[in-house]
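Only one structure is covered here, and it is reproduced in the block below.
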Amino acid sequence: MTAVSSLRPEPRPEILDIDIYVPGRSRVEGVAKVHKLSSNESPLGPSPKAIDAYRARADDLAAYPDGSARVLREAIARRFGLEPDRILCGNGSDEILALLAHVFLRPGDEGVYSAHGFLAYPIAIRAAGATAVVAPETDRTANVDALLGKVGPRTKIVYLANPNNPTGTYLPYAEIRRLHAALPADCLLVLDAAYAEYVTRNDYAAGLELAASCENVVMTRTFSKIHGLASLRIGWSYGPRRVADAINRVRSPFNLSGPAIAAGAASLDDAAHLEAAVAHNDRWLPWLSASIGALGIEPTPSVANFVLLTFGRNGVGTASEADAFLSARGYILRAMSAYGLPQSLRLTVGSAEANRGVVEALAEFVERSRS
Ligand SMILES: *Cc1c(COP(=O)(O)O)cnc(C)c1O
């Protein structure tokens, strides 16, 4: 009999230090009808054109998709005036965010992100064997000087969501340019513009101009949010040809499905649907922030399709009490402890019915916690 070996395959230790990403809940035990306001999805859903294009691919599922997603890259290039071979498509922009870390970081390198930045960044940085370095924020807003203060000779990537999830705050483009101008030339600046379409401020830009003209800037975008196609997993990026070339060597060769390529391209043809989504947000985001603020729950000023709510002040109960109270009534928000914001919940702008309902439920919650 051979002795039982204690040897077994071991993941790299830094992998086991990574906290698992917990997605927004979509169900509540014992509650039949829920409004999922936890993942910043579009209450308008996808364009009918995208749904038609998706369905039309149902007869063609046996063949591999076009691994270069040419139709989608060309549609994006036409829409934004870009060079198609500098566009990368990903299985969600999450895939691109992760691949950038894998390709540009090595053990010993550092990746910088801001305190309440998107959790995909530290996961990607650590998974690449590098060190995740956090820069403090000011008023829940990224701070360029604080970010630059964390950049050193080993910093090879800086991730910045603009606007940021989960805070909803943004940096004016002048600040982005100031950040870029002070970064070392060998440090990649990743501008994650997942919510760009929702922003209606004159001093905002997603970052295309920098991504088009600089060797060290990549801008990422997604079809998961305003396009209402989160389930299909479609993201893209624009940046230097060298970046696209490197990523193309290691990405999975068929990372987008055929239906996703077709639906994404069709969605770009429906400008009216996108405008309707912006108009819906412009109507309801200020209404939600004002109504909830009036209850004594603090909304962080947001330019995206969600708002961060802070509890525990003005005699209002805690965030976790509010979460339980709302869940029992079918309103699912996103708990924020993983983002270092244990007294906050993130609320996605939903349908008219969901928005009115969640404000009513919050009013009831506040009344009960004060009595
Ligand atoms: C939702 C989101 C994304 C998009 O992720 P996909 O993988 O494209 O669905 C990227 N960045 C931020 C900050 C987000 O909130």
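The values are calculated or read from the model by the stated rules, or taken from the named source; none is laboratory data. Note that the structure is a prediction, hence the values are computed from the model and not measured. For neighbour counting, all protein chains shown are included, and Cβ atoms are generated from backbone atoms with ideal geometry for every residue, glycine included.
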Practice task
Taking the options 149, 117, name whichever one is over 18 Å from residue 341 (Cα atoms) and outside the structural domain of residue 345 (by the TED database).
Solution key: 149
Problem - Check on residue 278, within 16 Å of the ligand (Cβ to nearest atom) and either touching a residue at least 40 places away in the same chain (Cβ under 8 Å) or assigned by the TED database to the domain that holds residue 96 (or both) - result: no
Handout entry: Filtered residue count, the stretch 92-113, keeping only those that are within 16 Å of the ligand (Cβ to nearest atom) and outside any strand (DSSP E or B)
Key = 11
Problem - Hits in the stretch 184-236 - residues which are in a strand (DSSP E or B) and within 13 Å of the chain's Cα centre (by Cα) - result: 190, 191, 192, 219, 220, 221, 222, 235, 236
Handout entry: Identity of the residue in the stretch 77-91, surrounded by 21 or more Cβ atoms within 10 Å (Cβ to Cβ) and closer than 15 Å to residue 262 by Cα, that ends up farthest from the ligand (Cβ to nearest atom)
Key = 89
Problem - the stretch 31-52, subset over 18 Å from residue 333 (Cβ atoms) and either in a loop (DSSP other than H, G, I, E, B) or touching a Ser or Thr at 6+ places or on another chain (Cβ under 8 Å) (or both), residue farthest from the ligand (Cβ to nearest atom) - result: 32
Practice task
For residues that are among the β-branched types (Val, Ile, Thr) and closer than 27 Å to residue 349 by Cβ, scanning just the stretch 114-157, find the one that is nearest to the ligand (Cβ to nearest atom).
Solution key: 123
Fill in the blank from the handout: Taking the stretch 30-72 and the residues there that are touching a helix residue (DSSP H, G or I) at 6+ places or on another chain (Cβ under 9 Å) and free of Cβ contacts under 8 Å to residues at least 40 places away in the same chain, the one that is surrounded by the most Cβ atoms within 10 Å (Cβ to Cβ) would be 68
Problem - residue 292 within 16 Å of the ligand (Cβ to nearest atom), assigned to a helix (DSSP H, G or I) and among the β-branched types (Val, Ile, Thr) - result: no
Exercise for the section: Of all residues in the stretch 214-269, count the ones that are away from the ligand (no atom under 15 Å from the Cβ) and aromatic (Phe, Trp, Tyr). Expected result: 1
Exercise for the section: Please verify whether the stretch 352-370 includes one or more residues that are surrounded by fewer than 18 Cβ atoms within 10 Å (Cβ to Cβ), touching a residue at least 60 places away in the same chain (Cβ under 8 Å) and of a type in the set (S, T, N, Q). Expected result: no
Handout entry: Members of the stretch 190-213 that are within 15 Å of the ligand (Cβ to nearest atom) and aliphatic (A, V, I, L, M)
Key = 190, 191, 193, 194, 196, 199, 206
Practice task
Could you tell me whether the stretch 158-175 includes any residue that is part of a strand (DSSP E or B), more than 11 Å from the ligand (Cβ to nearest atom) and crowded, with 24+ Cβ neighbours inside 10 Å?
Solution key: yes
